[in-house]
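As structure tokens, the structure follows; a few thoughts come after it.
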Amino acid sequence: MCPRLIAWTSCVLALSACKEVPQACRVIDDELSHPLSFATYEDAGQSYDEWRADLTAALLNAIGLPNELPELKEPQLVGESRIDDIELLDYDIESWVDGVLIPYVVLIPERAKQQEARHVVILLHGHGETAKAPFESGSPMRNIGGRLLDEGYVVVSVELRSFGAFTVDGKAHDPYIAGLRDGEFIGQVVQDNIQVGEAVVNLFKDNPGSTISIFGHSFGGYIALHVGALVDGISYSMSSGHFLPYACVNTEFAHHGQDILGMEGIAEIYDVTGMIAPLGNVDVFFGGRDKLFTPSSREAFKRLEAIYEKLGGPGKATLHVNPDIGHRVDPDAVIASLPKLP
């Protein structure tokens with residue numbers, strides 16, 4: 001295997017599989033009686049802060065982090081390089097889960113260096129892909145990373161645990177996932193990317209006016225919404241796919257044979273993403289021909305909109321649908337939704 005730095009280099013040079021979900025996936029029930037739902041707290045006259053604190057604690061406990069996040073481990077800078085006007089910074093961060101090193105790369109175009117405020121986008125790839133996918137026109141991510149760099153955004157691309165080229169103890173992703181108990185896998189991936197998200201926020205904390213967004217495709221989009229809810233400082237959370245409610249996913253979308261929902265019963269996805277309100281934005285992107293864009297996805301988004309409407313504030317939830325595409329990223333729509341560069 002080529003050294004990782006070479007892999008990242010080929011990633012930037014590249015700048016110039018989804019399982020079908022039956023449409024029968026049930027629509028959300030009208031009765032919202034879950035004890036941790038926003039609606040339940042609202043009906044009981046409890047505050048947003050109380051709801052968010054209780055739901056955060058429940059989610060952290062569900063992914064193996066009882067009550068609070070551990071202290072962030074310092075990421076290690078393991079490589080620096082430059083291609084044309086783009087600086088590449090290679091990092092590893094030691095996972096809270098098991099000490100495995102999670103690799104990610106920060107790409108800074110020259111245009112961004114000329115601005116004090118940096119607009120940063122963290123990209124999470126989908127199943128069967130690698131951290132190079134955001135820079136490949138032929139991938140479902142449609143060179144979104146290259147497009148963002150051309151526009152002047154700072155881009156962070158993460159190698160998701162057990163996906164694509166990621167291995168642990170020599171085990172490729174499928175055998176490694178199969179070796180986990182139900183519910184462990186999603187908790188590990190959420191934990192890993194919480195750490196990356198916090199490290200990126202810290203990296204740009206001395207740049208006043210900077211914004212941090214996180215965008216993921218497919219399963220990466222599902223993870224991105226959770227990370228946006230649990231990391232302070234990420235203002236914009238975006239998903240291309242996977243806005244199904246937990247009950248729907250649990251009954252009809254065991255992800256590649258793995259029950260990913262150790263968190264099932266904690267809250268629905270619209271409540272988790274509602275934690276970003278009222279100050280942050282949630283943007284959800286679907287292709288009109290995407291098998292994940294079910295009636296349940298639309299109903300779940302209506303629940304999220306209702307949370308934002310009740311809370312008010314500058315944040316908003318927006319659903320973007322491109323009727324002409326399937327399960328892939330719409331780069332134009334994503335870029336249009338981001339904070340504008342000077």
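Within the stretch 126-173, if we keep just the residues that are of a type in the set (Phe, Trp, Tyr) and at pLDDT below 95, the residue that is surrounded by the most Cβ atoms within 10 Å (Cβ to Cβ) turns out to be Phe163. Within the stretch 34-80, the set of residues being surrounded by fewer than 17 Cβ atoms within 10 Å (Cβ to Cβ), under 28 Å from Ala306 (Cβ atoms) and not small (Gly, Ala, Ser) comprises His34, Pro35, Thr40, Asp43, Gln46, Asp49, Glu50, Asp54, Asn61. The requirement of being modelled with pLDDT of 95 or more, in contact with a strand residue (DSSP E or B) (Cβ under 9 Å, 6 or more places away or on another chain) and closer than 21 Å to Gly145 by Cβ is satisfied by Val329.
For the stretch 96-106, the count of residues that are touching a Ser or Thr at 6+ places or on another chain (Cβ under 6 Å) and of a type in the set (Val, Ile, Thr) is at least one.
Could you tell me whether any residue of the stretch 116-123 is surrounded by fewer than 20 Cβ atoms within 10 Å (Cβ to Cβ), among the hydrophobic types (A, V, I, L, M, F, W, C), modelled with pLDDT of 85 or more and within 29 Å of Thr273 (Cβ to Cβ)? Looking through the stretch 116-123, at least one residue is surrounded by fewer than 20 Cβ atoms within 10 Å (Cβ to Cβ), among the hydrophobic types (A, V, I, L, M, F, W, C), modelled with pLDDT of 85 or more and within 29 Å of Thr273 (Cβ to Cβ). Taking the conditions (1) buried (at least 20 other Cβ atoms within 10 Å of the Cβ); (2) touching a helix residue (DSSP H, G or I) at 6+ places or on another chain (Cβ under 7 Å); (3) of a type outside the set (Phe, Trp, Tyr); (4) under 18 Å from Ser210 (Cβ atoms) in turn, Ile102 satisfies each one other than (4).
Apart from one condition, Leu77 fits all of (1) touching a helix residue (DSSP H, G or I) at 6+ places or on another chain (Cβ under 6 Å); (2) over 24 Å from Met275 (Cβ atoms); (3) at pLDDT 95 or above; (4) not basic (Lys, Arg); the exception is (1). With respect to Glu136, is the statement that it is in contact with a His (Cβ under 9 Å, 6 or more places away or on another chain) and under 26 Å from Phe285 (Cβ atoms) true? So Glu136 does not fit the description; no.
The values are calculated or read from the model by the stated rules, or taken from the named source; none is laboratory data. Here the structure is a predicted model, which means the values were calculated and not measured. Backbone-built Cβ (ideal geometry, glycine too); neighbour counts: all protein chains shown.
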